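Undergrad: This structure is in structure tokens; I'll ask about it shortly.
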Amino acid sequence: MRSYKRSNHGTGNPGPWNAEQRPGDNKWTAGLFARDPATGNAHWYYQFSPHDEHDYDGINEQILLDMPFGGSDAQSVGAPHRNGYVYVIDRTNGQVLSADPFGPVNSSKGVDLRTGRPIVNPDKETKLGETVRDICPTASGSKDWQPSSFSPRTG
């Protein structure tokens, strides 16, 4: 059994969802912490949905993966997320290695791997007094409470 020096913990979303009522990224929400279990100190933090305006949270399970990535072995964490992307994150430093959609997504236009930030779709941003329709994924997310798994034998 492998010994890990950090533990991962997801965080929920802020409220209300509307950007005009709650401006900014609302850091420390809708994200993933790597913490030192002995002290509780955060080693790194990644925010899946800055200013989470669609109720995507960051609370789904994380799958610890030791796998080849980009030509070398990576200690990573896999995180299928409610915002429609499956993330592979380097668990030593929080760098996003990949973020691929696993279903229809129009609430964002992808994830910038250099910054790790979702690329906002301005047509799907919430606005006070206006109804925005056909947001995908919905508030229940592409991935909700159903657990995920990964087989190192089959990949």
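Derivation of every value follows stated rules applied to the coordinates shown; laboratory data play no part. In this text the structure is predicted, and so the values were computed from the model without any measurement. Neighbour counts run over all protein chains shown; Cβ positions are idealised from the backbone, glycine included.
Undergrad: In whole Å, how far is the Cα centre of region 33-93 from that of region 105-155?
TA: Cα centroid to Cα centroid, the span is 15 Å.
Undergrad: In terms of modelled amide H atoms, which long-range or inter-chain residues lie less than 5 Å from the amide H of N13?
TA: The list, which skips near neighbours in sequence, is A30, D57, G58.
Undergrad: Using all alpha carbons of region 31-73, what is the percent of pairwise distances in each 10 Å bin, ordered from the shortest bin to the longest?
TA: 22, 36, 35, 7
Undergrad: Scaled to the compact-protein estimate 2.2 N^0.38 Å, what is the alpha-carbon radius of gyration of the chain, rounded to two decimal places?
TA: Against the empirical 2.2 N^0.38 Å value, I get 1.06 for the chain.
Undergrad: Test of understanding: ordering Y56, Y87 by Cβ neighbours within 10 Å, fewest first, what list do you get?
TA: Fewest-to-most Cβ neighbours within 10 Å comes out as Y87, Y56.
Undergrad: Let me ask another. Long-range amide H contacts for V111: which residues qualify at under 5 Å (H placed 1.01 Å from N, peptide plane, sequence gap of 5 or more or a different chain)?
TA: I119
Undergrad: Return the FRET efficiency for the residue pair K109, L64: r is the Cβ-Cβ distance, R0 is 22 Å, and the value is rounded to the nearest 0.05.
TA: After rounding, the FRET efficiency stands at 0.15.
Undergrad: Looking only at region 112-148, which residues have a backbone nitrogen under 15 Å from a spot 7 Å from the Cα of W17 in the C-beta direction?
TA: Within reach of a label on W17, which here means backbone N under 15 Å from a point 7 Å along Cα→Cβ, region 112-148 contributes 121, 123-144.
Undergrad: So if we plug the beta-carbon distance of D100 and V132 into 1/(1 + (r/R0)^6) with R0 = 22 Å, what FRET efficiency do we get, rounded to 0.05?
TA: 0.30
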